[in-house]
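The values are calculated or read from the model by the stated rules, or taken from the named source; none is laboratory data. The structure presented is a predicted model; accordingly, all values stated were derived computationally and were not measured. Because the Cβ atoms are built from the backbone with ideal geometry, glycine has one as well, and the counts that use them run over all protein chains shown.
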Amino acid sequence: MKCLENPIWNDYTREELRKLKVDEPDEICRKKVLKNWDAIAKPLDGMGKFETLIAKIGAIIGTEEIDITKKAVVIMCADNGIVEEGVSQSGQEVTVAVAKAMGKGQSCVGQMAKAVGVDTIPVDIGINLKETIHGLVSRKIRCGTRNFSKEPAMLEAEAIQAIATGIDMAFLCKRVGYKILATGELGIGNTTTSSAVAAAVLKCEVPKVTGRGAGLNDIGLARKQKVIEEAIQKYDLYYADALTILRTVGGLDIAGLVGLCIGGAMCHLPVVLDGVISMVAALVAERMVPGTKAYYIPSHKGKEPAIEMLAKELELEPVIDGNMALGEGTGAVMMFALLDVALSIYQGKTTFNDIRIGQYERLS
């Protein structure tokens with residue numbers, strides 16, 4: 001995928017980011033969709049959360065005739081300098097290996113997306129590799145972030161450029177006809193960066209939001225938590241704004257997803273969130289551009305401990321509770337399949353008259 005010919009995001013500054021606004025979803029459409037659900041031959045609220053989620057999608061796209069046939073998961077891929085501190089079992093070579101498989105459609109998210117008719121758009125926004133990886137959209141800001149134990153992970157300009165890249169990708173997806181997007185990510189060390197951002201933004205104790213990632217033992221987990229605690233104290237992040245937190249201890253993948261969330265809201269695309277890393281990005285996006293969270297669709301409740309606090313802050317209820325920790329956008333892709341199944345009932349429009357029974361009525 002090519003960039004927009006003249007992307008307006010290239011010259012963004014902190015001040016211009018503050019000026020961004022998103023419209024509220026169409027409440028009239030939401031109510032129409034809910035009314036349509038009540039007219040379908042089933043118990044009232046029989047599809048539970050899916051009725052309100054489909055209504056939310058209708059409100060976002062501005063129509064009760066909901067079509068989300070053309071779907072994509074945008075996967076931001078980047079490396080994190082903090083892996084130098086031994087916070088992960090794996091090294092950055094794993095990011096490259098998985099990215100190459102992703103470019104061929106052979107990674108986990110590629111296999112799942114193919115099974116449910118979803119396009120994958122992997123984006124190299126900061127992999128620590130100078131060569132181009134076939135199959136990835138090249139938007140590299142730099143070859144990985146710096147080690148935030150020693151210095152801020154990104155310059156402010158780099159973080160803003162990554163956010164702008166995500167906004168650009170959302171608008172490009174809208175331009176080529178995608179109706180709904182999902183967030184995905186890839187990058188060794190990104191449960192450390194996301195935990196650091198979550199702890200600072202939520203102003204909570206580090207152990208409450210920091211898990212084992214890809215399988216750290218107790219010693220590794222203690223080291224990871226110590227690295228994050230020291231960084232928050234060093235940079236005084238409990239008193240910092242969201243952009244400062246992001247650029248200091250975040251990752252290019254997270255920053256790109258922040259932009260994707262903001263861009264999705266700006267162009268009225270529902271954004272299905274994946275796990276903890278996507279949800280951290282979503283919260284930062286909401287803090288930077290209030291109202292963005294109205295465009296989020298939750299997917300799953302993963303293993304990482306930050307999920308519950310993030311979901312509460314974003315006023316979201318994850319649907320899938322499968323104890324997953326795969327990343328790449330896999331939980332969001334599974335959610336696409338569930339939304340399609342729910343929509344088959346909504347679009348089928350089997351009425352009570354069709355099956356010759358009386359319609360249920362809401363009692364006041």
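The table for this structure:
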| item | result |
| --- | --- |
| Number of positions in region 37-58 that are more than 12 Å from Q359 (Cα to Cα), part of a helix (DSSP H, G or I) and hydrophobic (A, V, I, L, M, F, W, C) | 5 |
| Test: G302 is closer than 28 Å to C108 by Cβ, modelled with pLDDT under 95 and buried (at least 24 other Cβ atoms within 10 Å of the Cβ) | yes |
| Residue count for region 129-170, restricted to those that are surrounded by 21 or more Cβ atoms within 10 Å (Cβ to Cβ) and under 20 Å from M288 (Cα atoms) | 14 |
| Exclusive hit being exposed (fewer than 13 other Cβ atoms within 10 Å of the Cβ) and either in a helix (DSSP H, G or I) or acidic (D, E) (or both), set V341, V333 | V341 |
| Residues located in region 15-36, provided they are modelled with pLDDT under 95, assigned to a helix (DSSP H, G or I) and surrounded by fewer than 15 Cβ atoms within 10 Å (Cβ to Cβ) | E15, E16, R18 |
| Region 172-214, subset of a type in the set (S, T, N, Q) and under 17 Å from the mean Cα position of the chain (by Cα), residue farthest from A240 (Cα to Cα) | T183 |
| Qualifying residue in region 215-237 (condition: among the small types (G, A, S), closer than 22 Å to A282 by Cβ and either touching a Pro at 6+ places or on another chain (Cβ under 6 Å) or not in a helix (DSSP H, G or I) (or both)) | no |
| Check on L314, farther than 30 Å from W37 by Cα and more than 10 Å from the chain's Cα centre (by Cα) | no |
| Subset of region 95-111 that is of a type outside the set (A, V, I, L, M) and part of a helix (DSSP H, G or I) - its residue that is nearest to K71 (Cα to Cα) | G110 |
| Residue in region 257-266 that is over 11 Å from the mean Cα position of the chain (by Cα), outside any helix (DSSP H, G or I) and not aliphatic (A, V, I, L, M) present | no |
